[in-house]
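Read-outs throughout are calculated quantities, based only on the coordinates presented, and are distinct from any laboratory measurement. Model, not experiment: these values are computed from the prediction.
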Amino acid sequence: MAIVKPVLAANWKMNKGPAATAEFFADFLARHQPADDRTLVFFPPALSFAAAREATAGRPDIRLGVQNIHWERSGAFTGEISAPMAAEAGAEFVLVGHSERRHLFGETSEETARKVAAALAAGLVPVLCVGETLDERRAGRAEATVREQLDAVLGTYPADRTDSLVIAYEPVWAIGTGETATPQDAAAMHAAIRAQLAEAFGAERAAEVPVLYGGSVKPDNVAELLAAANVDGVLVGGASLDPSGHAAICAPG
Ligand code: PGA
């Protein structure tokens, strides 16, 4: 299915078991009417995925993804899930390289590239997360860091699959901290990302790829972030856990 911008994505991280997932959607779906001028994606924990699928069964406007995959299709990788399994379970999207994976679990850019390739092979849309730490920003290395993280994937990404790629720029210092990049900061980084996509795929294909902003997005700052140039959507963590707040985020005026 096509990805219509803006993309409003919810990363629940390690929150909400199956019962809380069903409760969330009972409330959220009553508040949010289907709209074909945007794309809503939810990333529940893997164990709550079936509950999310069941709760949204009558609502094709709600699309689902998983928070992580292993790059192998199957095998002796205790605790992991694979891209084909996620696709079979009904996932259309997968987060790859979220900063918590990179910084808390040591995921490398080489691993993100393997995961992106595995996602594509299984028909999943990878949402590749990139972003600099506060130290990297202070050292004037924000754009260089993001460039390196993107380079690791774009170098081998097939140019004819740009309709199946989403990028999320999430400055690490803005995640879960209440600090948000200003719309100007976001626009500057998003312009750099767009330019790098254009180098890799040409301007026309680069324009197709949604580039989301993430990091302390809330109902009261979502509209100004979405209004920034080259910001095609948001990836929301903490604020997406509340059905009423997230419904406000998904209807940004
Ligand atoms: P946050 O998380 O909205 O809680 O800052 C965003 C994310 O990590 O995707």
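Points to keep in mind about this one:
- Measuring nothing but how far apart in sequence close Cα pairs (under 8 Å, 6+ apart) lie, relative to its length, region 7-250 scores a relative contact order of 20 percent.
- Pairwise centroid distance, computed over Cα atoms, of region 222-246 with region 15-53, Å: 16
- Relative to the 2.2 N^0.38 Å rule of thumb, the chain has a C-alpha radius of gyration ratio of 0.93.
- Rounded to 5, the percent of DSSP beta bridges in the chain classed as antiparallel: 0
- Gaussian network model of the chain, Cα within-10 Å springs - most flexible of 140, 17, 97: 140
- For region 42-59, 3J(HN,Hα) computed residue by residue from phi via the Karplus equation (6.51, -1.76, 1.60; θ = phi - 60°) reads 10, 10, x, x, 4, 5, 9, 4, 5, 5, 5, 5, 5, 5, 10, 4, x, 10 Hz, glycine and proline entered as x.
- Secondary-structure-derived ellipticity at 222 nm for the chain, considering helices only, amounts to -11500 deg cm²/dmol, per-run term -39500 (n - 2.57) for DSSP H runs with n ≥ 4.
- A Gaussian network model of the chain, with springs between Cα atoms under 10 Å, assigns the largest mean-square fluctuation among 186, 76, 22 to 76.
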